[in-house]
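Let me begin by presenting the structure, written as structure tokens, before commenting on it.
The values are calculated or read from the model by the stated rules, or taken from the named source; none is laboratory data. Worth saying up front: this structure is predicted, and the values here are computed from it rather than measured. Neighbour counts run over all protein chains shown; Cβ positions are idealised from the backbone, glycine included. Note: accessible area is taken over every heavy atom of the protein model, side chains too, but ligands, DNA and RNA are not part of it. Shrake-Rupley method; radii C 1.70, N 1.55, O 1.52, S 1.80 Å.
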Amino acid sequence: MTNDSLMDLHQLVWTALMAALIGAGAYLIVPIGPVPVSMQPFFIFLAGYILGPKRGVLAVGLYLLTGTIGLPVFSGGKSGLGHLLGPTGGYLFGFVISAWMCGMARKTSPNLGWIIGLLWGLGALVVAYGTGATWLKFALSLSWYKAFMAGVVPFIPWDAIKIVAAVACCRYLTRLNLLPGQR
């Protein structure tokens, strides 16, 4: 096997691993309100930071595909198109863009500086909250205020911690030279 083939395999394995971790993160939940607090955002941010924009999106897309075809990887062990289009569907679609944004942080700063990582992570969070709360508003016929209070406010402190942890993990793995694409 050539060195490029090994690097491609390494990237493929990491992409599949991140998709699996996103699914596992759906099982690590604290049920509060219509949208549970889970570890999914942590793994989605981490997928972007580790894999870059394209492969980060691919990992989230693979996760969404596995859940849509029936594997129980969505929050609470659910699956299927009905769950994807249910009240939490907006967050799931927002996660695709969030992974891309976190990947852009890595593309902008290969060693993922703290400021760059946190700023892109904050932007990714705003996108996930925006799509999720908007979807939640229409899916449950809520006012904008209620959608914001139920679908955003309770998660801000938890998700801020997840962004910091994802940046720290990526920086640590970068320092150890373990990430895909590193030589």
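Hey, can you tell me all the residues within segment 21-56 that are among the β-branched types (Val, Ile, Thr), modelled with pLDDT of 95 or more and either farther than 23 Å from Val152 by Cβ or surrounded by fewer than 18 Cβ atoms within 10 Å (Cβ to Cβ) (or both)?
Ile50
I'm told Ser5 meets every condition in (1) out of contact with any Leu (no Cβ under 9 Å at 6 or more places or on another chain); (2) in contact (Cβ under 8 Å) with a residue 12 or more places away in the chain; (3) among the hydroxyl-bearing types (Ser, Thr, Tyr) except one. Can you identify the failing condition by its number?
It fails just one condition, (2).
Pull up segment 82-99, narrow it to residues that are among the small types (Gly, Ala, Ser) and more than 17 Å from Leu58 (Cβ to Cβ), then point me to the one that is most open to solvent (accessible area, probe 1.4 Å).
Going through the qualifying residues, I end up with Gly82.
Quick one: which helices (runs of 4 or more DSSP H) sit completely within segment 100-181 and have at least 1 residues that are closer than 25 Å to Gln11 by Cβ and open to solvent by 40 Å² or more (accessible area, probe 1.4 Å)?
Output list reads 114-139, 156-175.
Restricting the search to segment 137-159, which residues are more than 21 Å from the chain's Cα centre (by Cα) and not hydrophobic (A, V, I, L, M, F, W, C)?
Correct list: Lys137, Ser141, Ser143, Tyr145, Lys146.
Would you confirm, using the coordinates I've provided, whether Leu84 is at positive phi and in contact with a helix residue (DSSP H, G or I) (Cβ under 7 Å, 6 or more places away or on another chain)?
On the way: at positive phi: no; in contact with a helix residue (DSSP H, G or I) (Cβ under 7 Å, 6 or more places away or on another chain): yes.
Answer is no for this residue.
Cβ-Cβ distance below 9 Å, separation of 6 or more or different chains: which pairs start in segment 73-91 with a residue that is without any contact (Cβ under 8 Å) to a residue 40 or more places away in the chain and more than 13 Å from Leu136 (Cβ to Cβ) and end on one that is part of a helix (DSSP H, G or I) and open to solvent by 50 Å² or more (accessible area, probe 1.4 Å)?
His83/Gly76; Leu84/Phe93
Filter segment 67-81 down to residues that are assigned to a helix (DSSP H, G or I), touching a helix residue (DSSP H, G or I) at 6+ places or on another chain (Cβ under 8 Å) and farther than 29 Å from Arg171 by Cα and give me whichever is most open to solvent (accessible area, probe 1.4 Å).
Leu81
List the pairs whose first member sits in segment 19-33 and is closer than 17 Å to Leu46 by Cβ, whose second member is open to solvent by 50 Å² or more (accessible area, probe 1.4 Å), and whose Cβ atoms are under 6 Å apart, counting only residues at least 6 apart or on separate chains?
What qualifies is Ala19/Leu62; Gly25/Met39; Leu28/Met39.
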